[in-house]
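In what follows, a single structure is set out as structure tokens and then discussed.
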Amino acid sequence: MRLLGVDYGFKRIGLAVTDSTIGLPAARPPAASLGSLKKDAAQIASLVKREAADAVVLGLPVEAEGEGRMARLCRTLAGHLTEDHGVEVYLVDESLTSVAAEDLLFSTGMKASQRKKLRDGEAAALILERYLNEAQPS
């Protein structure tokens, strides 16, 4: 199964792709958020087709206090993908994936401007890794 990982943000949408049989996520360049969840869902659905993905793994921001605004927006985005575009969506806790992606890129010695361009895709790749690790039978 080929999966498209999505790290949704107000400015950029981090993207990564993996084939679950191989399990190696590859970051893609981020897409610009279009200012509307319906438009963003249509853009992601188009990327699903372009990447020949079978499903989307969407990062869900989980907070200790409960579900916040961003988590509700991600659930709405998932609903648009499923209902409007027929895309299967798996929601995965994305806690600290952006921080981990930044740390990983920082450790390579990249300049801040270079890290900024790659961080969202790397976060999406970590979301895919988390999903694949959780989906493995114990």
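All of the numbers you see were taken from the coordinates with simple rules; none came from a lab. Predicted model, so just to flag it, every value in this text is computed and none were measured. Cβ placement follows ideal geometry from the backbone for every residue including glycine, while neighbour counts extend to all protein chains displayed.
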Report the calculated FRET efficiency for Lys11 and Asp54 (r = Cβ-Cβ distance, R0 = 25 Å), to the nearest 0.05. 0.35
What's the extension gain from Glu134 to Leu34 if we count 0.36 nm per residue and subtract their Cα-Cα distance? 32.9 nm
Cross-link reach from Lys38 to aspartates and glutamates, straight Cα distance under 19 Å and at least 8 residues apart if same chain, gives Asp7, Glu83, Asp84, Glu88
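Set the Förster radius R0 to 30 Å, insert the Cβ-Cβ distance between Ala26 and Lys111 as r into 1/(1 + (r/R0)^6), and round the FRET efficiency to 0.05.
It comes to 0.85.
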